[in-house]
Amino acid sequence: MTNKFIPATPPDRPAPAPVSEPAPSGAAAAPHRATRLHGIASLVEQTARAVHDLCWTTDMQAAQWSALRYFGKAGERARNVVGLARYQGTNPGTASRTIGTLVRRGLLAVVVSPDDKRARIVSLTEAGRTLLTQDPLLVVETAIAAMPSEAQEGLAAGLRDLLGRLLSAGADGSGTEGDGEDV
């Protein structure tokens, strides 16, 4: 995990306004609100990029880490190509390629379902479980743990609301909603 992320403001845009800055009244309120909203959106983008960059390690892509996390938590009925595709907001072909890569690396195993011979169940191998102990997302968990509990609660509520609105708008292409807590 040698990735370092330093937030930068694009040269063609002003730096984001502080979120807690009071809004002016009158005619200046509309431009200030737009600048403030852009600033918040930029912070979300920079945070998402920093997390994504953390999850691109020397030998693993972000989608592969996400798949390992998914299969580490998903119930047996959801541990399949379609379940991963829905979780990652992608298509079954892409999810299948991710699974195939992780199977070849010995991190996942695929077995025939005892209930339905046409269905396949994907599970972490011991090597996959071991690798998850080095999950780069643990850096994010540590950073969140260092925040005061009221800030953690506000962050969770705000992100849950934002994610729900983006998913409702079809921003990830899946059109499904989720709160990020359960797989």
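Numbers at a glance
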item: Given (1) open to solvent by less than 40 Å² (accessible area, probe 1.4 Å); (2) farther than 19 Å from Arg129 by Cβ, number of the condition Ala78 does not satisfy; result: (2)
item: Count of the stretch 58-85 residues which are basic (Lys, Arg) and part of a loop (DSSP other than H, G, I, E, B); result: 1
item: Single match in Gly83, Gly106, Gly100, Gly128 (criterion: at positive phi and modelled with pLDDT of 95 or more); result: Gly106
item: Close pairs from the stretch 132-150: first outside any helix (DSSP H, G or I), partner among the aromatic types (Phe, Trp, Tyr) and open to solvent by less than 90 Å² (accessible area, probe 1.4 Å), Cβ under 9 Å, at least 6 apart; result: Asp135/Trp65; Pro136/Trp65
item: Residue selected from the stretch 104-131 under the condition in contact (Cβ under 8 Å) with a residue 12 or more places away in the chain and among the β-branched types (Val, Ile, Thr), by the criterion surrounded by the fewest Cβ atoms within 10 Å (Cβ to Cβ); result: Val111
item: Which numbered condition Ala127 fails, given (1) within 20 Å of the chain's Cα centre (by Cα); (2) more than 23 Å from His52 (Cβ to Cβ); result: (1)
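Table: residues versus (1) under 20 Å from the mean Cα position of the chain (by Cα); (2) open to solvent by 70 Å² or more (accessible area, probe 1.4 Å); (3) under 28 Å from Leu159 (Cα atoms).
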{"residue": "Pro31", "(1), (2), (3)": "no, yes, yes"}
{"residue": "Leu43", "(1), (2), (3)": "yes, yes, yes"}
{"residue": "Val51", "(1), (2), (3)": "yes, no, yes"}
{"residue": "Thr57", "(1), (2), (3)": "yes, no, yes"}
{"residue": "Ala62", "(1), (2), (3)": "yes, no, yes"}
{"residue": "Tyr70", "(1), (2), (3)": "yes, no, yes"}
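Results for (1) modelled with pLDDT of 80 or more; (2) among the aromatic types (Phe, Trp, Tyr); (3) not in a helix (DSSP H, G or I), shown as yes or no for each residue.
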position: Thr9; (1), (2), (3): no, no, yes
position: Ala15; (1), (2), (3): no, no, yes
position: Glu21; (1), (2), (3): no, no, yes
position: Ala34; (1), (2), (3): yes, no, no
position: Glu45; (1), (2), (3): yes, no, no
position: Ala48; (1), (2), (3): yes, no, no
position: Trp56; (1), (2), (3): yes, yes, yes
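The values are calculated or read from the model by the stated rules, or taken from the named source; none is laboratory data. Every value quoted in this text rests on a predicted model; they were computed, and no experiment measured them. Glycine gets a Cβ as well: all are built from the backbone with ideal geometry, and neighbour counts include every protein chain shown. Just the protein is used for accessible areas: all its heavy atoms, side chains included, with ligands, DNA and RNA removed. Shrake-Rupley method; radii C 1.70, N 1.55, O 1.52, S 1.80 Å.
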